Amino acid sequence: MKQKRPLEIAVISDVHLGTFGCHAKELMEYLNSIEPKTLILNGDIIDIWQFRKNYFPKSHLKVIQKIISLSATGTEVIYLTGNHDEMLRKFSDTKIGNLSIVDKKIMTLDGKKAWFFHGDVFDSSIQKAKWLAKLGGWGYDLLILLNRFINFWLIKFKKEKYSLSKKIKNSVKKAVKYVSDFENVASDLAIDNNYRYVICGHIHQPQIIRKVNKNGTCLYLNSGDWVENLTALEYNDKKWKLVKYDELKFDTDSIDKVDQVDQEKPNDLLTAMTIISKLKNK
């Protein structure tokens, strides 16, 4: 059995559990391959905006149970709220055992301040027209579903997979400018507040880049997502690393065994589902 990789910090965001685009099985493989001291869930983990009672596969439920299991076995789990799971903000600053729910987190890593938050606060479409942002979320989910159908046939004919949303984003100047502006605003605020690291999610653009302005410098990091990019951030030995699912190797035997254990303990999953349903109905 392949040994799990010990990590000081692992950061994931924008999983969007409860949507067609979520790659929950791949995320489970990743979570089963690591042993983090701290797991930071940087927003939009459960997509309460688009939550459907008739669509929440077992693979999605297993991710929730895995997170609860990590918390129960000693990992500090920090859930940072995002816009798609904003209903959890009514529970901000709640702590249950090793699991805490907060809107932002400031940590000191080897003497350097790190600022963690989702990033939707910079999104004017959410702040000014939430209905439009929600409509965009539904459209994005349908686009991902269509993309999966296209890629199914591309693979059948031994062609390379294609990302419709990435093509659209990269070809539309406004989308490119939005990403650049997001990075710059987050970095400028971090520098003004003497943070050496700023770690975000929200825009589904995995990135590690050094930002510099007239007042100083900081390292901007974005954990990406588990809809298209399937990426996470890892901090170990005073260094940050952006990891991609496609570039990792997994021990399938150990994954299967963990899955068997997960199936034997459904109580936590039922509890989580009940909470989500109550939040959605409020």
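The values are calculated or read from the model by the stated rules, or taken from the named source; none is laboratory data. Nothing here was measured: the structure is a model prediction, and the numbers come from that model. Glycine gets a Cβ as well: all are built from the backbone with ideal geometry, and neighbour counts include every protein chain shown. Side chains are part of the model used for accessible areas, which takes the heavy atoms of the whole protein and leaves out ligands, DNA and RNA. Shrake-Rupley method; radii C 1.70, N 1.55, O 1.52, S 1.80 Å.
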Looking at the stretch 206-236, which of its residues are open to solvent by 50 Å² or more (accessible area, probe 1.4 Å) and either within 30 Å of residue 20 (Cβ to Cβ) or in contact with a His (Cβ under 8 Å, 6 or more places away or on another chain) (or both)? 207, 208
Among the candidates 94, 75, residue that is polar (S, T, N, Q) and under 18 Å from residue 15 (Cβ atoms): 75
Does residue 45 fit the bill of being surrounded by 20 or more Cβ atoms within 10 Å (Cβ to Cβ), in contact (Cβ under 8 Å) with a residue 12 or more places away in the chain, among the β-branched types (Val, Ile, Thr) and closer than 17 Å to residue 223 by Cβ? yes
Candidate set: the stretch 86-107, residues that are of a type in the set (D, E, K, R) and free of Cβ contacts under 8 Å to residues at least 60 places away in the same chain; chosen: the one least open to solvent (accessible area, probe 1.4 Å): 86
Hey, could you check the stretch 237-253 for residues that are more than 19 Å from the chain's Cα centre (by Cα) and not acidic (Asp, Glu) and say which is most open to solvent (accessible area, probe 1.4 Å)? 249
Hand me the list of strands (runs of 3 or more DSSP E) wholly inside the stretch 41-144 holding 2 or more residues that are modelled with pLDDT under 95. 94-96
Count of the stretch 108-121 residues which are closer than 21 Å to residue 238 by Cα and crowded, with 17+ Cβ neighbours inside 10 Å: 4
